[in-house]
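The values are calculated or read from the model by the stated rules, or taken from the named source; none is laboratory data. Note that the coordinates shown come from a computational prediction; the quantities given were computed from them, not determined experimentally. Counting neighbours? That spans all protein chains shown, and the Cβs are built from the backbone with ideal geometry, glycine included. Just the protein is used for accessible areas: all its heavy atoms, side chains included, with ligands, DNA and RNA removed. Shrake-Rupley method; radii C 1.70, N 1.55, O 1.52, S 1.80 Å.
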Amino acid sequence: MGVIPFLICFPFVAAVLMFCIRVNKVRNAVAYVSAVIIMAASVFLCAQWVAQGAGKIKLYYHTEAADRIILIAELILMCVVTYLCFKHKRWYISLLSIVPTLGIAWLELFGPEMTDYKRIYLDHLSILMCLIVGIIGSLIVIYAVGYMHGYQHYHTDIPDRRYYFFMVLFLFLGAMFGFVLSSDLLWIDFFWEVTSVCSFLLIGYTKLEEAERNSFRALWMNLLGGCALAAGIIYYALADGNTDLQTMVWSGSMFQHAALVAVALTAFAALTKAAQMPFSRWLLGAMVAPTPSSALLHSATMVKAGIYILFRLSPALKGSLSGQMVAFVGGFTFLAASFIAIAQSDAKKVLAMSTISNLGLMTACAGVGRPETIWAGVFLMIFHAISKSLLFQDVGATENAIHSRDVEEMQGLLYRLPRLAIIMFIGICGMYLAPFGMLISKWAALKASVESRNIILVFFICFGSATTSFYWTKWLGKLIARSSKPPVKDITKTNEMISLGVHTVLMIAICALFPLVSQIYVDPLVTDMFGSARQVIPTGVLYLLVLLILFFFAVPVFAYLRNKHTAVNRKLSYMNGINTGSNDAFVDSFGEEKKLVVSNLYLRNVFGVRRLMVPCEVITSAVIIVTVAMTVGGAL
């Protein structure tokens, strides 16, 4: 298992190379090679794990040198954050880094002697996260090479700092590998802080005023979660004499008070990282960053860190007050974010709110803590990672071609920019359309919620799924609708298409192989966590849904080919006047020419961010504060 240190350390080495190499062509070549190596190492780790029985594996018992290196690196990271906060006159945010870091340092240097245990933990869930980070994350890096070339070409007002951008991307990947493979809470805390700082640096890449404001919002929200995580680690270490995540979860499932407090604080930290209300604004603000960083934050890394920790905690959350809090906040976020997404016409904002919404459903699944809900949550994670990365990249490529990411400007994109439109169609189908994976996962989550008699969560899932269908249908309708606008030149670069193509194949494959993935991988994953797994949806039903999937994927291709052969036979539309011949304007009864505007319904005055966000944040804040206070107070 020597590949594990390599997976964690190699991206950091690649990050240093990215920063040092200032010749774009050379740096791009190194980025390609590094991304391929990371993908290959991730697959190799999976193969090694399978060859050793695909069970639970713990590694690396004596790690004193690594512990000291991580402590020193965490102190350096604290100094970097403090410097940046003072530089931008936000010194107070640095306290959220200084206090927990010094607390962790005190625990390691002067705290009580801890029980020895192995620092690395491998099982189905950690291997799944390694594959998501290694494959999806590396594909995003490959896509970014071509995208950032065009980005700097069109945004001449933004300094060309691609060396810095790719450095942070690789730092992100290395931190995520360390995060998902660590069993030691002290290691997890360090890699947690690295991902928080990396997201801050990516969001502020352009150095514009809005980017700076949004980056610091992301920083303080994630550092606040880091404070809760550090507090939970210190409390549990002093009470139980160890900092092993698996031991804490087991103790929490036995309702031991110290573990329950630590679980509650760690769950709170995970809510901040997963952008759950009232901490959703940082992920919305991430939209100011270039598209590759948005894809990375929303699909493969940052937000999945929070979901991963919640899945780890789920056995301890079942039946506890903290679990009820997590389930409520997640379900409520799923519903509220779905409503807010209705009012968005900016494609990246739709994707952002959809991400927050789907993360809410995964969070709710973890909070319920039943094998059936984790089965659904894991599939939600898989489909979301692939489809959201695909859609963010596709929207970025489309924006470069049509110079807009407004959904209204995508009218008839299937006929104007067919290649990207078909890929977008497949990504949207994977997100919500029956019988694709996201819908099956929601069905499973609903079924499990009904069986557990969680009426509130049933309500959230039913109405949240309905609103989800509304905003995705609007977007999908725009893609396939007729348009009088001329075709657009597809300027998508080869490396961008490689990433988009692989994502598309993965999306189709995971839909078609859904029953096989469930049987071979997800069922054993649930068994790892709970000791048993129950089939949520009968295998026969899954295979029937797969047959339907094969027909759905033919729809955009058929529509494009049919339109291609019948375009010459188009007829002018009636527009309450005399059609001018362009099919987008008419002459009214007064002889005045008027432009025809066809627009979706957005209901901004009802479901806009300004209308709903603050009340939703108040509700979730109250629930979180009361729950954490009751849990900590009960233990004391």
### Task
Please work out which residue is most open to solvent (accessible area, probe 1.4 Å), limiting yourself to segment 108-141 and to residues that are assigned to a helix (DSSP H, G or I) and without any contact (Cβ under 8 Å) to a residue 60 or more places away in the chain.
Phe110
### Query
Out of all the residues in segment 226-237, is one or more at pLDDT below 90 and more than 28 Å from Ser199 (Cα to Cα)?
no
### Message
Here is a list: Val378, Val350. Which entry is surrounded by fewer than 24 Cβ atoms within 10 Å (Cβ to Cβ), β-branched (Val, Ile, Thr) and under 15 Å from the mean Cα position of the chain (by Cα)?
### Response
Val350
### Query
Of the residues in segment 395-427, how many are closer than 14 Å to Val488 by Cβ and under 19 Å from the mean Cα position of the chain (by Cα)?
1
### Task
Among the residues of segment 247-258, count how many are open to solvent by 20 Å² or more (accessible area, probe 1.4 Å) and among the hydroxyl-bearing types (Ser, Thr, Tyr).
2
### Query
Which of the residues spanning segment 22-32 are open to solvent by 40 Å² or more (accessible area, probe 1.4 Å) and touching a residue at least 12 places away in the same chain (Cβ under 8 Å)?
Arg22, Asn24, Tyr32
### Query
Which residues, taken from segment 262-292, are of a type in the set (Gly, Ala, Ser), farther than 19 Å from Asn358 by Cβ and at pLDDT below 90?
Ala289
### Query
Within segment 591-608, how many residues turn out to be in a helix (DSSP H, G or I), out of contact with any helix residue (DSSP H, G or I) (no Cβ under 6 Å at 6 or more places or on another chain) and not charged (D, E, K, R)?
2
## Note on the structure
Among the residues of segment 511-520, the number that are under 24 Å from Val368 (Cα atoms) and open to solvent by less than 40 Å² (accessible area, probe 1.4 Å) is 4
### Summary
Just one listed residue, out of Glu372, Glu451, Glu408, is in contact with a Lys or Arg (Cβ under 9 Å, 6 or more places away or on another chain) and under 30 Å from Ala585 (Cα atoms), and it is Glu408
### Query
Within segment 303-312, can one find any residue that is at pLDDT below 90, within 23 Å of Leu169 (Cβ to Cβ), open to solvent by less than 10 Å² (accessible area, probe 1.4 Å) and not small (Gly, Ala, Ser)?
yes
### Query
Would you say Leu229 is open to solvent by 10 Å² or more (accessible area, probe 1.4 Å) and under 30 Å from Arg68 (Cα atoms)?
no
### Query
Mind checking which residues of segment 1-54 are touching a Leu at 6+ places or on another chain (Cβ under 6 Å) and not in a helix (DSSP H, G or I)?
Met1
### Query
Could you say whether any residue in segment 190-206 is more than 22 Å from the chain's Cα centre (by Cα) and of a type in the set (A, V, I, L, M, F, W, C)?
no
### Query
Do you know which of the residues in segment 1-21 that are touching a helix residue (DSSP H, G or I) at 6+ places or on another chain (Cβ under 7 Å) and among the small types (Gly, Ala, Ser) is surrounded by the fewest Cβ atoms within 10 Å (Cβ to Cβ)?
Ala15
### Message
Being open to solvent by 10 Å² or more (accessible area, probe 1.4 Å), touching a residue at least 60 places away in the same chain (Cβ under 8 Å) and farther than 23 Å from Leu380 by Cβ is the requirement here; does Leu223 meet it?
### Response
no
### Task
Give segment 38-61 a look and list any residue that's of a type in the set (Lys, Arg) and either touching a Phe, Trp or Tyr at 6+ places or on another chain (Cβ under 7 Å) or open to solvent by less than 30 Å² (accessible area, probe 1.4 Å) (or both), or say none.
Lys58
### Condition check for Asp244: open to solvent by less than 10 Å² (accessible area, probe 1.4 Å), under 25 Å from Met529 (Cβ atoms) and acidic (Asp, Glu)
yes
#### Entry: helices (runs of 4 or more DSSP H) fully within segment 318-418 counting 1 or more residues that are within 18 Å of Val303 (Cα to Cα) and without any contact (Cβ under 8 Å) to a residue 60 or more places away in the chain
321-342, 347-368, 371-402
### Query
Taking segment 612-636 as the region of interest, how many residues are surrounded by 14 or more Cβ atoms within 10 Å (Cβ to Cβ) and either under 25 Å from the mean Cα position of the chain (by Cα) or more than 30 Å from Phe268 (Cα to Cα) (or both)?
9
### Query
In segment 498-510, how many residues are at pLDDT below 85 and within 11 Å of Ile426 (Cα to Cα)?
1
### Query
Among (1) under 20 Å from Ala337 (Cα atoms); (2) touching a Phe, Trp or Tyr at 6+ places or on another chain (Cβ under 9 Å), which single condition is Ser293 missing?
(1)
### Summary
Taking segment 474-508 and keeping only residues that are open to solvent by 40 Å² or more (accessible area, probe 1.4 Å) and assigned to a helix (DSSP H, G or I), one is left with Ile480, Thr494, Ile498, Val502, Val505, Leu506, Ile508
